[in-house]
Amino acid sequence: MSESESDDAAYDLAELHERAAGRRIVVVGAGIGGLVTALEIAKLGIQVTVIEAAARAGGAIRSAEVAGLPLDLGAESFATRGGHVAKILDELGLSGDIVDPGTGAGGAWIAGIPGVGAAPIPSGGILGIPANPFAEDVRRIIGWRGAWRAYLDRIRPVLTIGHVRSLGELVSSRVGRRVLDRLVAPVTTGVYSSSPDRIDPDLAVPGLNPAITRAGSLTGAVLALSQERKTAPGGAVRGIRGGMGRLVDALVSAIEESGGEVRTSAPVSRIENQDDGSWRVALPGDEAEELVEADGVILATEESSARELLAPHVAELDAEAPAPGPVVTVVTLVVESAALDAKPRGTGVLTVPGSHRAKALTHTTAKWQWVAEQAEPGVHALRVSFGSAAEDPATDGLEDEEAAVLALEEASAMLGVELSRAQLRGHRVERFAQSQPASTIGQAETTRVARDAIRRAPRLGAVGAWLAGTGLAQVVPDAVEEADRVRRAVLFASDD
Ligand SMILES: Cc1cc2nc3c(=O)[nH]c(=O)nc-3n(C[C@H](O)[C@H](O)[C@H](O)COP(=O)(O)OP(=O)(O)OC[C@H]3O[C@@H](n4cnc5c(N)ncnc54)[C@H](O)[C@@H]3O)c2cc1C
């Protein structure tokens, strides 16, 4: 930058800070989307207030001690794709604590395979679709009959596929039901809480359809894409030593240090638009309702709350309301079991839908070395997940104690290791209402309509997984962009 350019930049910044003085943006919801948005806004000197319904910030990121072990109870990692989360961690001084999952345990397993039981997830596939149906690790799961059926994919003409809209239909028509039921359904249910029939292949695996056309078969396309992915950076997930909650704590501190505030236990009931384009955010109080004045508002809640708050101002949203997203319950268990030292199912287990009451299990002390280091010898942490779009969590209606016993039984069956109530050192039950996964059929169009409509309202924004897609790697860059759009609208509102 030349001297005069840097003078210009300094002048621009000074002018922006002047414009920012006295302006306030309210962010509703303190999940990762809301907190990243708030920090971005606070950087320019705009006063930011984050208002969160729950007693603590973080949303689906929840860390706590269970039986003395610091653990992630919700999101436990982030995808390295795009480098967006690493950039924020760097800004917050946490980059030295980024950790990789352990490799010593091998990968995850699939349990509940008819006639087989449990087996490691085959290597080299995408969303469970194998590149080579005759590979030994694939054949072990689908048998010779399944492998020959899948091989038909290489022989059948590709023209019959066209642009198939459902992953389930694509997989069963090309490689057969065994691949669909035993390999793909456990992955989509575990990862997206959704059956393959509801997943749009174009969104779940970008590039798959063109690769099918190029390769002439589905398995050929998977082979080509998995080779490309091996050489492309960013295909991995990473975690934070001490838990993802450290990211939340660091964001809250940074917002507060920049003059902003994060209010918890404050559910927003309504937002009101004023004649001058500014907003009022309503909080029910014991005696009287509190109204917080704001130049702009950004909603960072999950989809159902966002739609409810937005509907009076954005007419299209009411009509577009989709089915509620899946509810997931995660039961974290800390158990004493020397048998688990051998990491019998690698880093965890996905289940064939219908075979178990739980959909997935993570063997946390096998996956994350930083957790294992803190556990006494023979003590292990497990996370058992229940619930999907097709099925309410089997823990619904149970007291936490009963849910822990059910999770222990399921863990025992999934890991092939006897675990009794006497071995349980501690437990914690957490419930999460999720948005429809972005790769659900029709979801892309629904969110496009929602976004366009929100952008037409003055100084109003929305962020979060329901718009950006599930996962920190999706939510973080979208939040940064939306914060920039709304803060510009607020800063230059008087120039309109
Ligand atoms: C069990 C589980 C495990 C996951 N694991 C991973 C993982 O390992 N890696 C990964 O990248 N992603 C993971 N995800 C997904 C990821 O956690 C989410 O996509 C992301 O955290 C969503 O962030 P968000 O800000 O959009 O929403 P949320 O985190 O849901 O935050 C929304 C916030 O809005 C608040 N709110 C709602 N209504 C109101 C209101 N009226 N007034 C005030 N506040 C309100 C809520 O209380 C909540 O705190 C996981 C999700 C779950 C449920």
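The values are calculated or read from the model by the stated rules, or taken from the named source; none is laboratory data. Values in this document were obtained by computation on a predicted structure and should not be read as measured data. With ideal geometry, Cβ positions are generated from the backbone for all residues, glycine too; neighbour counts draw on all protein chains shown. The area values use the complete protein model at the heavy-atom level, side chains included, leaving out ligands, DNA and RNA. Shrake-Rupley method; radii C 1.70, N 1.55, O 1.52, S 1.80 Å.
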**OP:** Could you look at the chain and say what percent of its accessible area is carbon and sulfur, using a 1.4 Å probe and all protein chains?
**Re:** 49 percent
Original post:
So what is the relative contact order for segment 100-183, in percent, with contacts set as C-alpha pairs under 8 Å and at least six apart?
Top reply: 25 percent
Original post:
Mind ordering 122-132, 357-367 by average Cβ neighbours within 10 Å, highest first?
Top reply: 357-367, 122-132
Subject >> Relative contact order, percent, segment 370-432 [alpha-carbon distance under 8 Å, six or more residues apart] >> reply: 24 percent
**OP:** Exposed loop chymotrypsin sites (Phe, Trp or Tyr not before Pro) only (DSSP loop, at most 16 other Cβ atoms within 10 Å): please give the longest stretch of the chain free of them, not including the sites.
**Re:** 135-491
Subject >> the chain: Lys pairs at Cα distance under 28 angstrom, eight or more positions apart or on different chains >> reply: 9
Original post:
With contacts defined as alpha carbon pairs under 8 Å and 6 or more residues apart, what's the relative contact order of the chain in percent?
Top reply: 23 percent
Original post:
If you average 1/r over every pair of different alpha-carbon atoms in the chain and take one over that average, what Kirkwood value in Å do you get?
Top reply: 24.2 Å
Original post:
So how far, in whole Å, is the C-alpha centre of segment 259-299 from the one of segment 169-202?
Top reply: 43 Å
Subject >> Solvent exposure of the chain as accessible area per residue, Å², 1.4 Å probe >> reply: 43 Å²
Subject >> Highest average packing first - 337-348, 50-61, Cβ atoms within 10 Å >> reply: 50-61, 337-348
Subject >> Volume per residue of the C-alpha convex hull in segment 121-231, rounded to whole Å³ >> reply: 86 Å³
Original post:
So what's the gap between the Cα centers of segment 427-489 and segment 61-105, to the nearest angstrom?
Top reply: 22 Å
Subject >> Cβ-Cβ FRET estimate between D275 and A338, R0 fixed at 51 Å, reported to 0.05 >> reply: 0.15
Original post:
By average Cβ neighbour count within 10 Å, what is the ranking of 401-409, 478-486 from highest down?
Top reply: 478-486, 401-409
Original post:
If you project the alpha carbons of segment 243-303 onto the principal axes, what extent comes out on each, in Å, largest first?
Top reply: 42, 28, 26
